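Take a look at the structure below.
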Amino acid sequence: MAMPGVSFTSLLVVAAIAVVAPLTVGFFTRLRIPAVVLEIIGGIIVGPAVLGWVHIDLPVRILALFGLAFLLFLAGLEIDVHRLRGPLLRFALLGYLVTLVLGYGAGASFTAVGWVSEPLLLAIALSATSLGLVVPVLKDAGQVGSDVGQSALAAASIADFAAIVLLSLFFSSSGGSTGSKVVVLGAFAGLVAVTGLAVSGAARSMRLGQVLLRLQDTTAEIRVRFAVLLLVAFTALAERFGLESILGAFLAGAIVALVDRDSFSHPNFRTKLEAIGYGFLVPVFFVSSGVKLDLAGLLHSPSALVRVPVFLLALLVVRGLPELIGLRANGTRATLALGLLQASSLPFIVTATQIGVTLGKITPVTAAALVCAGLLSVLILPLIALTLLRRGTPQRAAAEEVPVPAPHVM
């Protein structure tokens, strides 16, 4: 029975694009285009800018919001807190500070020419990296366990986490002063820490462990339900505290990653979470982002179209240049590859620009230019980085190659 006033026609088209995009990538493997790029392009084509088949109605809007939350949750799941220590952590933090300085400089320049009204928002938008893209590229090059791979993962983890915190702190749609948000953020962090300790303590309970083991692969799917409960709880708490919901979703994933270190008794747990996210919810977010993209405004203004390559160059400078800090340790080829990988960013740009448009800090045309620059970065830069890394270690790459035809991006 259909609900009154609710149509699923737009969702049907979105779901069709979610199937067609990875199939296309699967048939044309040599292109190595991330499926997410085709999902956004598909959204542009069926949206108001071209065919007008899809509009952001209630079902699409709700699933897209939850898709964004799940995307951030899965990104948090990628973070290995135990590896973020010592020189790796110091280099990653120093690199991110340099990124923010360069980003603010770029933001101030774009503010001076009237492209954006808030330089800090642009600095934060340019400062993140697609952790979910860095991991499969490093796997493909056989570099995940190497010093270069660990440097890349540490830098991407710090960049993703810091960018989400800063966006929530300075540009939360709930309003409030930054000072009050710092206090609120501290209280929220304390609550997250307490919850993490409670979950960790519960995970060590033998009796609970036996129950989880018995129910995890039945229709109860109890571990998945616990993970979804934590995701929804932290997202709701972040909103209640006046912070961006994406922060809660990201921290929920990080806590699950921290607690769930030994997967011997439940090897399929993360695969099930990825199936829910990448198989259903996350594509809705990306396709709907394409639907909302103001491509018409971008194409109708040559001066606006010029912003796309300029923003792409800004990404390369802001995220790529800080990798020169590790030039002596990593060598020229690896440093170039790391810089290109760190400059590959799309989902966070989509998220930050949507918040910026909602708050009136950037225009839809500028947001579209930023997203297009992010699309180009994800299309071009990882391929060059992968080539550089493979040339650097041809034998190792051939021995350890893990084919990843369509990496998910975050």
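Each semi-axis of the equivalent ellipsoid for the stretch 234-288 is √(5λ) with λ an eigenvalue of the Cα gyration tensor; in descending order they amount to 23, 18, 6 Å. The stretch 234-310 and the stretch 9-45 have their alpha-carbon centroids 17 Å apart.
Computed over protein heavy atoms with a 1.4 angstrom probe, the accessible surface ordering of Arg83, Arg270, largest first, is Arg83, Arg270. Considering only alpha-carbon pairs that sit under 8 angstrom and 6 or more positions apart, the relative contact order computed for the stretch 36-133 is 18 percent. Going by the alpha-carbon gyration tensor, a ≥ b ≥ c the square roots of its eigenvalues, is the chain rounded (a/c under 1.5) or, if a/c is not under 1.5, prolate (a/b greater than b/c) versus oblate? Rounded. Only protein heavy atoms count here; under a 1.4 Å probe, Glu118 has an accessible surface of about 50 Å². With the cut-off at 1.5 for a/c, could you classify the stretch 41-161 from its C-alpha gyration tensor as rounded, prolate or oblate? It comes out oblate by the Cα gyration axes. Thr332 exposes around 100 Å² of accessible area when a 1.4 Å probe is run over every protein chain in place. When each full DSSP H helix of the chain is screened for a Cα extent of at least 30 Å along its own axis and an average Kyte-Doolittle hydropathy of at least -1.0, the helices passing are 86-112, 147-170, 178-203, 364-392. Relative contact order for the chain: 32 percent, from Cα pairs under 8 Å spaced at least 6 residues apart, divided by residue count. Residues whose amide H comes within less than 5 Å of that of Ala128, counting only those at least five positions distant or on another chain, are absent (H built at 1.01 Å from N in the peptide plane).
The accessible area of Asp260, taken with all protein chains in place and a 1.4 Å probe, comes to roughly 20 Å². Each 5 Å bin from zero holds the following percent of Cα-Cα pairs in the stretch 280-399: 2, 11, 17, 19, 16, 12, 10, 7, 4, 1, 0.
The values are calculated or read from the model by the stated rules, or taken from the named source; none is laboratory data. What you see is a predicted model; the values in this text were computed from it and never measured. We work out accessible area using only protein heavy atoms, side chains counted, and drop any ligands, DNA or RNA first. Shrake-Rupley method; radii C 1.70, N 1.55, O 1.52, S 1.80 Å.
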